[in-house]
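Everything below concerns the one structure shown next.
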Amino acid sequence: MQLIIKNAKLRNLETLMSIGIDRGKIMAIDHHIDADAEKVIDAKGHLVLPPFIDPHLHLDAVLSVGDPRFNESGTLLEGIQIWGERKPFLTKEILKKNAIEAIKWEVANGALKIRTHADTTDPTLLTVESLLEVKEEMKELVDLQIVAFPQDGIFTTKEGLDLMKRSLEMGVDVVGGIPHNEFTREDGVKDVETVFELAEKFDALIDIHVDETGDDQSRFVEVMAKETINRGWQGRVTASHTTAMHNYNNDYAFKLIGILKRAEMNMITNPFDNSVLQNRTDGYPRKRGHTRVDELLAREVNVSIGHDSIMDPWYPMGKGSILQAANLLLHTAHMSGYSQVSQLIDMITDNSAKTMNLAEGYGIKVGNQADLIILDATSEFDAIRLMSECLYVIRKGNIVSVAHPATRMLNFGGELRNIDFKL
């Protein structure tokens, strides 16, 4: 065997298990594996999961906070404005350097599959070109999907549609849109329809930034659902953000969620950005800036969690931890019910695999690629509570990241004692 992991705590199993890995594949899962191995890891009862997945990230903007200036209002619109000021000065060197560094952060935090958006509104398409190169250069470490994303809108400039087509010809994986950022409602509908037409032409997946606003009249996600059903595109379409849904009247939201379920659409919520960017103009009382996560899950709509931004004009914080994003969503989406904690783990693993159309071959199962993580926690509850470090990140049976969590000593009664936050 290439690697054996013993005393592993797997989801939904009471007893500890061993995992045998050879030639990059999971070859056996049993209470005990009697075989020689090049390396043995004793998980010591720690939780072993399939790798985290980040289905929504902007690698072209990461690590750019303060360049050329900081977002003082904290609004989405000022973030877009700052990004527009930065675009003329972008170079391939800085784009790739920042993207690769952020990928390393995400991998160290357990994410081995990432979907990134690439802004297509720069006529040079430098962002698309750079991220396509990053995808190739980092393929041994991470599976990367790239979305053609028209940050300023498809129809706000004469060349917008042509740039989208060129991006798809260059080899991006997913077609994006941003209907609420178009000049008119009519152009917003056209934005959605155009995305579906491009996806059909290039046989690509769809992931649209949609209704990312506090405006309860922004209702382009219903257009997405209609096009998905009418075109038979179920399972291949994702709506990102949909924060306006938070503000819809309840009768309309109930009807809409039923249609989303019928369309088999995937939804992505982005707790970091949604919590700080949305509803800035509300005054008080101030609404929570995310979509109706609990209601969507209750109606069996597939919902996953994205990181969205890492230290950029929209969100100045972040360290590439999708587990930290899940912890934040627990608070802002009222998901602290005990059974909901398990749902949060689903949202950063299985649900995200479904969103990215990567569910086949994903998970800790015999025959699957040996991608998995060992967390510094013995339960899902503690993983979320502690935002646990990944003790080991394993890719194709190879250990690609190891963490040594800090030891904390407390002077109590003149004696130094170890403090452990795990019960």
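Just a few scattered comments:
Residues checked against (1) assigned to a loop (DSSP other than H, G, I, E, B); (2) under 17 Å from the mean Cα position of the chain (by Cα):
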residue	(1), (2)
Lys287	yes, no
Glu295	no, no
His331	no, no
Ile345	no, yes
Tyr362	yes, yes
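- Filtered residue count, region 83-124, keeping only those that are more than 17 Å from Ile178 (Cβ to Cβ), touching a residue at least 40 places away in the same chain (Cβ under 8 Å) and aliphatic (A, V, I, L, M): 8
- Here Arg299 clears all of (1) over 30 Å from Gly84 (Cα atoms); (2) touching a His at 6+ places or on another chain (Cβ under 6 Å) except the condition numbered (2).
- The strands (runs of 3 or more DSSP E) found entirely in region 1-58 that carry 1 or more residues being of a type in the set (D, E, K, R) and farther than 18 Å from Ser388 by Cα are 3-8, 17-22, 25-30.
- Hits in region 190-223 (condition: under 21 Å from Ile80 (Cβ atoms), of a type in the set (A, V, I, L, M, F, W, C) and either surrounded by fewer than 20 Cβ atoms within 10 Å (Cβ to Cβ) or touching a Cys at 6+ places or on another chain (Cβ under 7 Å) (or both)): none
- Residue within region 282-290 that is modelled with pLDDT under 95 and touching a Leu at 6+ places or on another chain (Cβ under 7 Å) present: yes
- Positions within region 186-213 being assigned to a loop (DSSP other than H, G, I, E, B) and under 12 Å from Thr242 (Cβ atoms), in sequence order: Asp211, Glu212, Thr213
- So Ser309, is it free of Cβ contacts under 8 Å to residues at least 12 places away in the same chain, more than 22 Å from Asp251 (Cα to Cα), touching a helix residue (DSSP H, G or I) at 6+ places or on another chain (Cβ under 9 Å) and in the same structural domain as Gly214 (by TED's automatic domain parsing): no
- Checked against the criteria, Arg236 counts as closer than 20 Å to Ile114 by Cβ and surrounded by fewer than 24 Cβ atoms within 10 Å (Cβ to Cβ).
- Checking the stated criteria, Leu358 turns out not to satisfy the condition of being surrounded by 24 or more Cβ atoms within 10 Å (Cβ to Cβ), within 26 Å of Val142 (Cα to Cα) and not basic (Lys, Arg).
- Test: residue in region 313-325 that is in contact with a His (Cβ under 9 Å, 6 or more places away or on another chain), part of a helix (DSSP H, G or I) and in contact (Cβ under 8 Å) with a residue 60 or more places away in the chain: yes
- Hits in region 129-154 - residues which are buried (at least 24 other Cβ atoms within 10 Å of the Cβ) and over 23 Å from Ser352 (Cβ atoms): Pro150, Ile154
- Candidate set from region 214-250 (those that are in a helix (DSSP H, G or I) and small (Gly, Ala, Ser)); member that is nearest to Gln145 (Cα to Cα): Ala225
- Among the candidates Gly318, Gly367, Gly413, Gly363, residue that is surrounded by 12 or more Cβ atoms within 10 Å (Cβ to Cβ), more than 30 Å from Asn279 (Cβ to Cβ) and not hydroxyl-bearing (Ser, Thr, Tyr): Gly363
Okay, residues lined up against (1) in the same structural domain as Ile374 (by TED's automatic domain parsing); (2) crowded, with 16+ Cβ neighbours inside 10 Å; (3) touching a helix residue (DSSP H, G or I) at 6+ places or on another chain (Cβ under 8 Å):
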position	(1), (2), (3)
Arg11	yes, yes, yes
Ser18	yes, yes, no
Ile21	yes, yes, no
Ile26	yes, yes, no
His31	yes, no, no
Asp36	yes, no, no
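- Set side by side, the residues Glu182, Glu186 differ, and just one is surrounded by fewer than 24 Cβ atoms within 10 Å (Cβ to Cβ) and within 25 Å of the chain's Cα centre (by Cα), which is Glu182.
The values are calculated or read from the model by the stated rules, or taken from the named source; none is laboratory data. Worth saying up front: this structure is predicted, and the values here are computed from it rather than measured. Glycine gets a Cβ as well: all are built from the backbone with ideal geometry, and neighbour counts include every protein chain shown.
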